[in-house]
Amino acid sequence: MTVKFSKDHEWIKLEGRDVAVVGITDYAQHALGDLVFIELPKVGATYNKGAHFAVVESVKTAAEVYTPVTGEVVAVNNVLENDFDLLKSDTEGWIAKFRITNTDELNGLMDEAAYKGYLKTVE
Amino acid sequence: MKQTPLHTAHKNLNAKMGEFAGYDMPLYYDLGVLKEHEWVRENAGLFDVSHMGQVMIKGAGTRALLEKLTPSSFEKLGVNRTKYTVLTNDEGGIIDDLMVTKTGEDDFHLVINAGCKDKDIAWIKSHLGAEQEFTYFEDWALIALQGPKSEAVMRDVLGIDLSDVPYMGLWFKDYTMFVSRLGYTGEDGFEISVPNENAEELWNKLLSDDRVKPIGLAARDSLRLEMGYCLYGHDIDATTSPLEADLGWVMRKDVKENAPQPTRKRVGIVLTDKGVAREGSEVLNMDGQKIGALTSGGFSPTLKQSIGQAYVPIEYAFEGTELWVDVRGRRIPARIAKMPFVKPKTKGSV
């Protein structure tokens, strides 16, 4: 499954049939600067597409992280609480995994090429 | 948006720019806020603070005028010495906070906040007598060099020996450069006032030293917050009195004795659990009742915890009081802490 991207700078990757892994992009991390705190969701919580499920805080600001799909949180990457640098990792930098109810929601998201094009318009 | 004479220099340094008090100002540079903050605590950081207003009042009766406009006394202040104080309105509310330097018995230089310039100038002018002269140095820049290596940098780069200048003291040369040993970071350091046309050369000269990095307004804010300094429009404004703001130390005896006793006080608050509380976060007592809100707040890079300021009723306003701070609906345990949160290292304090 390829990685998809949201306009709010989250990345999402389908794992298996109905579990999606969500993190934030390099662009978002760079814009935030050095992180000092991350507020993670609880396993079992459900979120609608577009709802904020986590907060990442840098010295200068707090940014909400939105889920690009509707679903229930099945796993949370607690390691991030003590190691913000982990967010940069492509494989281990995920924030939460969601069991999603409607995989069609992924179709509305951008692929990598489209996201790169989108970044040029926001800069 | 207004620009300082160093605007191009900031652009050349790839600064992230943002609006502050009507000016397009550098928020941070390539280092990023956290590292800029740490750089100032360990080395020397260069700040463009040219957006601030520099004014002069002189002539017979100026000292008396300043003692009417502020709650302070300037009688015992030495020549070429600076004092922090506030301008107060007829109700005792704070119009602005400022630095006042005495350059002669009735000759004073003031540095006022960018966002308050227009109203301060109008307020001061409306109180001027026939014998006092007012000048606004609109075409002078202000550059701050802050950090433990500042004195050495000033000596090595500019050839200026400031080792004998005390904290809050002034050094100047030929009326083309005024150097004050003070700042907004709690570090040793200087604020250098020069004509606009000399600003960029001075800026680049100081930056050419490896010990010096440019620092933006974001780190300026986290540095001042660690010192418990007030940011006008946030921690103090026209609705707060100097006593409420815990600035009684700037008041002379007669003013202080006649001022109404405050029912609330500005205090420092630290979160004792993880999280970051910013301006606007509500402060609750242990019963969960709202008793105030943060007027500033953020992560302290030095303490690695969230710190802030708030006005709370005086019955809570003492060190150690346990509280909650509400961050996006989540209650985080907190307590009232002494300010400064971090020990200042200004000249003479260490």
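Descriptive notes on the structure:
- Computed from point charges on the beta carbon alone (+1 for Lys and Arg, -1 for Asp and Glu), the dipole magnitude for chain B about its Cα centre is near 900 Debye.
- For region B:53-113 versus region B:225-253, the gap between their alpha-carbon centres in whole angstrom: 16
- Projected label distance in nm at B:Asn14 and B:Ala130, using a 7 Å step from Cα toward the beta-carbon: 6.2
- For the protein assembly as shown, share of DSSP beta bridges that run antiparallel, in % to the nearest 5: 95
- When the helices of chain B are scored as -39500 (n - 2.57) per DSSP H run of n ≥ 4 and the total is divided over every residue, the value at 222 nm lands at -6000 deg cm²/dmol.
- Sparse packing (at most 14 other Cβ atoms within 10 Å of the Cβ) combined with a DSSP loop state is found for the following chymotrypsin sites (Phe, Trp or Tyr not before Pro) in region B:169-242: B:Tyr175.
- For the pair region A:1-37 and region B:321-350, the centres of their Cα atoms are 34 angstrom apart.
- Environment charge of B:Asp188, counting only residues whose C-beta is closer than 10 Å and scoring Lys/Arg +1, Asp/Glu -1: +2
- For the residues of A:54-64, the average number of beta carbons from a partner chain within 10 Å of their own beta carbon is 6.
- Other residues whose C-beta falls under 10 angstrom from the C-beta of B:Gly93 contribute a net charge of -4, scoring Lys and Arg +1 and Asp and Glu -1.
- Calculated mean residue ellipticity, 222 nm, chain A: -4000 deg cm²/dmol, from DSSP H runs (n ≥ 4) at -39500 (n - 2.57) each, averaged per residue and rounded to 500.
- Residue list for region B:215-237, given a label point 7 angstrom along the Cα-to-Cβ vector of B:Tyr84 and an amide N cut-off under 16 Å: B:220-237
- Entries of B:Lys83/B:Lys253; A:Lys120/B:Lys205; A:Lys42/A:Lys88; A:Lys60/B:Lys2 with Cα pairs more than 26 Å apart: A:Lys120/B:Lys205
- Averaged over the residues of peptide B:275-284, the number of Cβ atoms from other protein chains lying within 10 Å of each residue's Cβ is 2.
- Hydrodynamic radius of the protein assembly as shown per Kirkwood, over alpha carbon pairs, in Å: 24.5
- Each distinct pair of alpha carbons in region A:3-102 adds a 1/r term; the inverse of their mean, the Kirkwood radius, is 13.2 Å.
- Residue pairs, from the table B:Lys11/B:Lys343; A:Lys4/B:Lys11; B:Lys102/B:Lys347; B:Lys125/B:Lys149, whose Cα atoms sit over 29 Å apart: B:Lys11/B:Lys343; A:Lys4/B:Lys11; B:Lys125/B:Lys149
- Loop-located chymotrypsin sites (Phe, Trp or Tyr not before Pro) in region B:235-324, at most 14 other Cβ atoms within 10 Å (DSSP): B:Phe318
- Around B:Gly53: net Lys/Arg minus Asp/Glu count, Cβ-Cβ under 14 Å: -3
- Charge dipole of the protein assembly as shown (Cα centre as origin; +1 on each Lys and Arg Cβ, -1 on each Asp and Glu Cβ, all else neutral): 620 debye, rounded to the nearest 20.
Each reported figure results from applying straightforward, stated rules to the coordinates on display, with no laboratory input. Nothing here was measured: the structure is a model prediction, and the numbers come from that model. With ideal geometry, Cβ positions are generated from the backbone for all residues, glycine too; neighbour counts draw on all protein chains shown.
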